[in-house]
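In what follows, a single structure is set out as structure tokens and then discussed.
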Amino acid sequence: ILPHFLKESQQRWYVAGYDSDGCLKTFGLDRISDVRVLYDEKFKRRDDLDIRGLFDYSFGIWNNPNDPVEEIILKYDALDGSFVKTLPLHSSQEIISDTEKGLVIRLRLRITNDFVMALLARSRSVEVVSPLHLRQRLRDVYAAALERNR
């Protein structure tokens, strides 16, 4: 790869760079071994890359620009809501409602498997209000888990 920057996500470090196919990809530093320099010429990082803006609508290290940025509305009970307020899921998180019954938030991001896993971490109280396909995706995960653990 042609390395461009380092990124931290969920207490793990990644290097992002252009692979031999010309696509920007991320690789976990803990999984890299046997590093070899394959180019004789000095590497020059691309100046046209907006590194800070690249992951604005991403959860973690996943950034597929072909995935749409979606508005997501979630409800939590008061206990989980207090955790979600103090440790936001994403920088776009905004509070719609905060009462003694619970918390309702809005996010704008690309829905990835990492994001779904974060929602499952609070599955005892999270309710996906929208979009409907995300609600269905969580439902399918729960149904498969129930079947496996019958």
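The values are calculated or read from the model by the stated rules, or taken from the named source; none is laboratory data. Source: prediction; values computed, not measured. As a convention, Cβ positions derive from the backbone with ideal geometry for all residues, glycine included, and neighbour counts pool all protein chains shown. Ligands, DNA and RNA are excluded from the accessible area calculation, which covers all protein heavy atoms including side chains. Shrake-Rupley method; radii C 1.70, N 1.55, O 1.52, S 1.80 Å.
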## Note on the structure
Filtered hits (aspartates and glutamates, Cα-Cα < 12 Å from Lys101, offset >= 8 within chain) -> Asp77, Asp80
### Query
Which of the pairs Lys7/Lys75; Lys25/Lys85; Lys7/Lys85 have their Cα atoms more than 27 Å apart in this structure?
Lys7/Lys75; Lys25/Lys85
### Task
Could you tell me what % of all Cα pairs in the chain have separations over 19 Å?
61 percent
### Query
Averaged per residue, what accessible surface does the chain expose to a 1.4 Å probe, in Å²?
70 Å²
### Query
Using the Karplus equation 6.51 cos²θ - 1.76 cosθ + 1.60 (θ = phi - 60°), what ³J(HN,Hα) coupling, rounded to whole Hz, does each residue of region 100-112 give in order, writing x for Gly and Pro?
5, 7, x, 10, 10, 10, 10, 10, 10, 6, 7, 7, 10
### Task
Could you sort 40-46, 51-57, 19-25 so that the peptide with the highest average Cβ count within 10 Å comes first and the rest follow in order?
51-57, 19-25, 40-46
### Query
Picking from Val84, Val35, Val69, which is most flexible by a Gaussian network model of the chain using Cα springs under 10 Å?
Val35
#### Entry: Surface share of carbon and sulfur [accessible, 1.4 angstrom probe, percent] for the chain
51 percent
### Vicinal HN-Hα couplings computed from phi for region 5-18 (Karplus, 6.51 cos²θ - 1.76 cosθ + 1.60; Hz; Gly/Pro x)
6, 9, 9, 9, 8, 6, 6, 10, 9, 10, 10, 10, x, 8
### Summary
Using a 1.4 Å probe on heavy atoms of the protein chains only, the accessible area for Ser125 in Å², nearest 10, reads 20 Å²
### Summary
The set of residues whose placed amide H lies less than 5 Å from the amide H of Leu109, leaving out same-chain residues fewer than 5 positions away, is Glu70, Ile72
## Note on the structure
Restricting to Cα pairs under 8 Å and 6 or more apart, the percent relative contact order of the chain works out to 19 percent
### DSSP-loop trypsin sites (Lys or Arg not before Pro) across region 92-123, with at most 16 other Cβ within 10 angstrom
Lys101
### Query
Cα axis of helix 132-148 to longest principal axis of the chain: angle in degrees, 0 to 90, nearest 10?
80 degrees
### Task
Quickly estimate the mean residue ellipticity at 222 nm for the chain, helices only: each DSSP H run with n ≥ 4 gives -39500 (n - 2.57), and the total goes over all residues, rounded to 500.
-7500 deg cm²/dmol
